[in-house]
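The values are calculated or read from the model by the stated rules, or taken from the named source; none is laboratory data. What you are looking at is a predicted structure, and each value in this text was computed from that prediction instead of being measured. Cβ: placed from backbone, ideal geometry, glycine included. Neighbour counts: every protein chain shown.
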Amino acid sequence: MQTVHQCNGACAEPDSDTEAGVGQGFKLGCISCKRRSEVKASATVEWYFKAKGEVDFVQIYTFSEMGPTIENEHFMDRLDWNGSKRSNDIQDASIYILNVTLNDSGTYRCFFNRILTYENYEFTTVVSKVVYLTVVDKATRGTASIVSEVMMYVSIIGLQVWLLIEMIYCYRKIAAAGEEALREAALHPHLHPIMH
């Protein structure tokens, strides 16, 4: 189930997907709407990752006015910026993982470090979002999936056989009724004046 947090008319904060397949690409969604669109702002974004079974987060990605930086060797050449473009007022900090591996399962956290610029002062806010990612090997399907597919085919074949039997039964019944009508007409021609 996907939840959407509504901020204002132009921005919504949907939750990120949480399951990826090995070898596929996956978008880690992270959106933080600025509450007042008339206030000028700039933001930098930092992404952190904690592998399944690990205790500590490690920084994996930074996006600032200087551009993107992959901070961790494990993700080298596998992360792409998929967020706000051509603006320092970043509200979408989503990144895209290329060629997902089982080792990418874990907890991801993005931080928006936003500076709101008012007429006489600046105000700094930090917003954090968490994404729990589970990576599944698409080649090994679950038993329930295989059983349900087999049952679907068995049901389809069973229904076709039943339909064939019903058609034969109905054809025989109609043919027998037709023969009976012809016999009846032959035995009692006075009842069927059209037959003469």
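A few remarks follow.
- Filter result (among the polar types (S, T, N, Q) and over 22 Å from THR69 (Cα atoms)) within the stretch 90-123: THR117, ASN120
- Pairs, first in the same structural domain as GLU65 (by the TED database) and within 23 Å of PHE63 (Cα to Cα) in the stretch 112-125, second in a strand (DSSP E or B) and among the acidic types (Asp, Glu), C-beta under 7 Å, six or more apart: ILE115/GLU122; LEU116/GLU122
- Hits in the stretch 91-113 - residues which are among the aliphatic types (A, V, I, L, M) and closer than 29 Å to VAL39 by Cα: ALA93, ILE95
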